[in-house]
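One structure below.
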Amino acid sequence: MTPLLTLEEVDTYYGAIHILQKVSLHVNEGELVCLLGGNACGKSTTLKTALGMVSPKVGKITFAGEDVTKKNTSHRVKMGIAVVPENRRLFGPMTVLENLKIGAYVRGEADPVDLERVFELFPKLKDRQSQLAGTLSGGEQQMVAVGRALMSRPRLLLMDEPSMGLSPRLVEQSFEMIAGLHAQGISMLVVEQNANMALSVADRGYVLQTGRIVLEGAAGDLAGHDELRRAYLGR
Amino acid sequence: MSEDTSKLGIGTDEWVAQHEKRLQRRSGALGIVDLLNQRVSNKVRYSALGVAAIVFGLFVHNLYLLRIASNLGVFLMMTLGINIVMGFAGLLDLGFVAFYGFGAYAYALTSSSQLNQHWPTYLSVPAIVIATAFLGYLVSLPSRRLFGDYLAIVTLFFGQIFIQLVLSSDSITFPGHTDSTDITGGSNGIPGLDPFKLFGRAFKSTSDYYWLLLIVITLLLIAVVRVNRTRVGRAWRTVREDPLASQSMGIKVNNLKTLAFVVGAAIAGLAGAIFAGIQSAVFINGFDIPLLTLIYAAVILGGSGSIPGSIIGAFVMSVLPEILRVQNYSEFLFLAVLVITIGVIGKNWKKLAINIVSLIAIGYFVKALFSLSHMTTTPTKTWAIAPVSKALQYWLVLPANRIVWGNMAFIALVALVAYYSIAHEKIKPWLLPIIAYIAIFVWEDRLVADASTTRQLIIGAMLVVMMIVRPQGFLGKTRVEVL
């Protein structure tokens, strides 16, 4: 298998504060990788670094074989990275349809085929396309956020805490949806605090702790790892 | 459990089906406005406006009215421009009038004896638009990383730098010369500009400019409405709503900000050139903060980001001061606004009627009180000039010392209005006719006498009321917070 995304020994700073310390990870084509860790350990920063919203001081980032370390976010989105941001970050006063179309921004005007695909995945959104995104419920906003990301036909989907702010049942649905997208062959890097849920759908996982990767392995191995269970799974 | 809810299965999604029902309907006068607002499509509105403008141009030959209409046209171009920069892209650009001034001065310098340049209009106007756009680009460069207040400060300084530059460029000594050159005319401005020469004719009358403005604004409106629907328009709005999320969608936020700046500047530059042509002179004091506040007030009043809103805002801000100049018009306007305000606050017809009846009763009551206390009143002859005043004199108290009484009543009015905003719901209906009465009293006894001050006061009061009643502006969308 060829790696789609790789981070090699990446060091990221926010001003003087050293956030990521020699973080190396990769996501293979078609793989679902989860990135676990507690609060403020650099999970979101890793995603932002991969997306180019934050640039690393040291290290190399490649996507689909190309060195993208110095490329901006727009370039990377065009290459096929899309993100479902933390808290979904929809454009509230714009309609659902406009939000979806924005997802296709880098491709030009939105392709009706892509829209149909999103509506097939989330039939509810079809009824609500003219509703303002800010008036939707949390679960529906999640659908719009995922749909918006899919509109750019991504090869790699980055998801930042998909379970945040959702009811337990919606968290379950959310992960069913993630598993479904994975089954369709979309590669994903999912950042999550809910380690149980994440590991149940992932192929592999990494564990971040204060900016360092302290553990990595197949999802099944991680789920059975004693130290990890004590730290994150509460058992 | 009511009939409606009992039919619902648990967990079914009725949100969309009930959407119409759940829309809150307003009753009374505002309800009708709301309903009309929803019924009429934008196409109909724009067409009606266009027809009205053409009819106006064909049948009105009054120079004063044409002047007002042309000023409105220039003002409208500015509000449409600022609506792109602030309304669409969300950039608080306080240097906007400097681009307008730059356009005007650029026209003056290329079409007058000041520098002995008399460029043909076909050359000067496009050159000015391009130059202003480039200036907009330059200003946007240091502002690329700025948003909100920070951007406002930087652009505000740019505006002031422009004014200082123009003021002090009346005696510039170039290297190698001993005598100084007057470029901008300083505070004296530049008079005697060439008129526009387009379509094979020199623009001699205001009417020529009126038709030019009509064409320019029509094209501008078509362009703005279209852009708003394209991906660039959408992307601008995402930059306004959430620049970070926008960036993560692959949108080049900085480039879009620059683009908004450049487009806004180009429109302002064109407006400035046309304005200079109409005035056939330029003076720097026309491009300062007062104009900026009026333009922003227009956009905010109409609803930031709404194109029809910008048009309404421009109308109010540019035509209203002219109406308020004439006592007779201003009287009618004042009473109309007062009745509408009571109607809006009263929420339905019945309450409106009660309020007006009590208002009339209060008037006679106070008049009776005054005559009982044998206070002298002004001889009505000297006071009642306008028909409205003539009608009101049998009802309204007119104390001998009107200025003093008026001043005191004005303070009381402000205090009462402030109290009204925090008063208990039970007290409010009682307060309303009293406030209305004092407002009429202040208006007739004090404000009418000082037309110039009153105009400012009215516009200010209007904005305050608007921001309380409808913070999103007349046609603005309600902000929806995503959490």
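Take peptides B:396-404, B:115-123, B:206-214 and line them up by average Cβ neighbours within 10 Å, highest first, as a rough protection proxy. Could the numbers behind the result be given before it?
On the way: B:396-404: 16.2, B:115-123: 12.8, B:206-214: 20.2.
My ranking of the peptides, most packed first, is B:206-214, B:396-404, B:115-123.
How big is region B:160-301 along each principal axis, measuring the range of its Cα positions in Å and listing the largest first?
Extents along the principal axes: 58, 40, 31 Å.
Can you pull the one-decimal nm distance between simple spin-label points at B:Phe147 and B:Lys428, each 7 Å off the Cα toward Cβ?
About 3.5 nm, to one decimal.
Relative to the compact-globule scaling 2.2 N^0.38 Å, provide the ratio for the alpha-carbon radius of gyration of the protein assembly as shown. List each step's numbers first, then the result.
On the way: Rg = 31.8 Å, N = 718, 2.2 N^0.38 = 26.8 Å.
Cα Rg divided by the expected 2.2 N^0.38 Å: 1.19.
Expressed as cubic angstrom per residue, what is the convex hull volume of the alpha carbon set of chain B?
Per residue, the Cα convex hull of chain B comes to 210 Å³.
Do me a favour and compute the ellipsoid semi-axes for region A:26-147 from its Cα gyration tensor, root of five times each eigenvalue, largest one first, whole Å. Walk me through the numbers before you get to the answer.
Values: eigenvalues 159, 60, 36 Å².
Each semi-axis is the square root of five times an eigenvalue, giving 28, 17, 13 Å.
In peptide B:233-243, how many Cβ atoms from other protein chains are near each Cβ within 10 Å, on average?
Numbers: counts 1, 10, 3, 0, 5, 8, 1, 3, 8, 5, 0.
Across the residues of B:233-243, the mean count of other-chain Cβ atoms within 10 Å is 4.
More than 21 angstrom separation, counting every C-alpha pair in region B:194-264; what % is that?
Details: 1170 of 2485 pairs.
That fraction is 47 percent.
Once phi is turned into θ = phi - 60°, what whole-Hz ³J(HN,Hα) does the Karplus curve with 6.51, -1.76 and 1.60 give for every residue of region A:164-181, x standing for Gly and Pro?
My calculation for region A:164-181 gives 5, x, 10, 5, x, 5, 5, 4, 4, 4, 4, 6, 4, 5, 4, 4, x, 5 Hz in order.
Relative contact order of region B:41-325: what whole-number percent is it, with Cα pairs under 8 angstrom and at least 6 residues apart? If you can, show how the numbers build up before the last one.
On the way: 427 pairs, mean separation 105.9, N = 285.
It rounds to 37 percent for region B:41-325.
Going down the list A:Lys101/A:Lys124; A:Lys124/B:Lys257; B:Lys197/B:Lys257, which pairs span over 23 Å between their C-alpha atoms?
Details: A:Lys101/A:Lys124 17 Å; A:Lys124/B:Lys257 34 Å; B:Lys197/B:Lys257 35 Å.
Violating the 23 Å Cα-Cα cut-off are A:Lys124/B:Lys257; B:Lys197/B:Lys257.
Determine, at each q value in 0.07, 0.11, 0.12, 0.15 (inverse angstroms), the log₁₀ of I(q)/I(0) that the Debye formula gives when each Cα of chain A is one equal point scatterer.
Cα-only, vacuum Debye calculation for chain A: -0.21, -0.54, -0.64, -1.01.
Once each part is reduced to its C-alpha centroid, what is the distance from region A:13-59 to region B:392-406 in angstrom?
Here the two parts' Cα centres lie 75 Å apart.
Run through all the Cα pairs of region B:41-325 and give the fraction in each 5 Å bin from 0, expressed as whole percent.
Going from the shortest bin to the longest, the percentages are 1, 6, 12, 17, 18, 17, 13, 9, 5, 2, 1, 0, 0.
Sort B:435-442, B:223-230 by packing, meaning the average of other beta carbons within 10 Å per residue, with the highest value first. Intermediate values should be presented prior to the final figure.
Numbers: B:435-442: 21.9, B:223-230: 14.5.
So the order, starting with the most tightly packed, is B:435-442, B:223-230.
Per residue of region B:261-266, what does 6.51 cos²θ - 1.76 cosθ + 1.60 with θ = phi - 60° give for ³J(HN,Hα)? Whole Hz please, x for Gly and Pro, Karplus curve as stated.
Once θ is set to phi - 60°, the couplings for region B:261-266 become 4, 5, 5, x, 5, 4 Hz.
Kindly provide the helix-only [θ] at 222 nm of chain A, computed as the sum of -39,500 (n - 2.57) over DSSP H runs of four or more divided by all residues, to the nearest 500 deg cm²/dmol? Don't jump to the answer; show the numbers that get you there.
Numbers: 9 runs with 80 residues, N = 235.
Helices in chain A give a 222 nm mean residue ellipticity of -9500 deg cm²/dmol.
Given 4 °C and 1.567 mPa s, how large is the Stokes-Einstein diffusion coefficient of region B:389-483 in µm²/s, with Rh as the Kirkwood radius over Cα pairs?
On the way: Rh = 15.4 Å.
The calculation lands on 84 µm²/s.
Need one value for B:95-102: mean number of C-beta atoms belonging to other chains within 10 Å of its residues' C-beta atoms. Display every interim value, and only then the final one.
Details: counts 0, 0, 0, 0, 0, 0, 0, 0.
Per-residue shielding by partner chains comes out at 0.
Straight-line reach only, C-alpha to C-alpha below 18 angstrom: list the lysines that A:Lys22 could link to, leaving out same-chain residues fewer than 8 apart.
Those lysines meeting the cut-off are A:Lys43, A:Lys48, A:Lys57, A:Lys60, A:Lys70.
Considering every residue in A:134-142, what mean count of other chain Cβ atoms within 10 Å of its Cβ is obtained? Don't skip to the answer; put the middle values down first.
Values: counts 7, 4, 3, 2, 1, 0, 2, 2, 0.
Partner-chain Cβ atoms within 10 Å, mean over residues of A:134-142: 2.
With the crude spin-label approximation of a point 7 Å out along Cα→Cβ, what separation in nm comes out for B:Asp182 versus B:Ala461?
4.5
For region B:132-177, place one equal point scatterer on every Cα, skip the solvent, and apply the Debye formula. What is log10 of I(q)/I(0) at q = 0.17, 0.20, 0.33 Å⁻¹?
Log10 I(q)/I(0), no solvent term: -0.62, -0.75, -1.14.
Only helical DSSP H runs with n ≥ 4 go in: add -39500 (n - 2.57) per run for chain B, normalise by residue count and round the 222 nm mean residue ellipticity to 500 deg cm²/dmol. Each step should come with its number before you reach the end.
Numbers: 21 runs with 330 residues, N = 483.
After summing the helix terms and dividing by the residues of chain B, the value is -22500 deg cm²/dmol.
We did not get these values from a lab; they are worked out from the coordinates using the rules stated. Just so it is clear, the model here is predicted, and its values are computed rather than measured. Cβ coordinates were reconstructed from backbone atoms using ideal geometry, including for glycine residues, and neighbour counts include every protein chain displayed.
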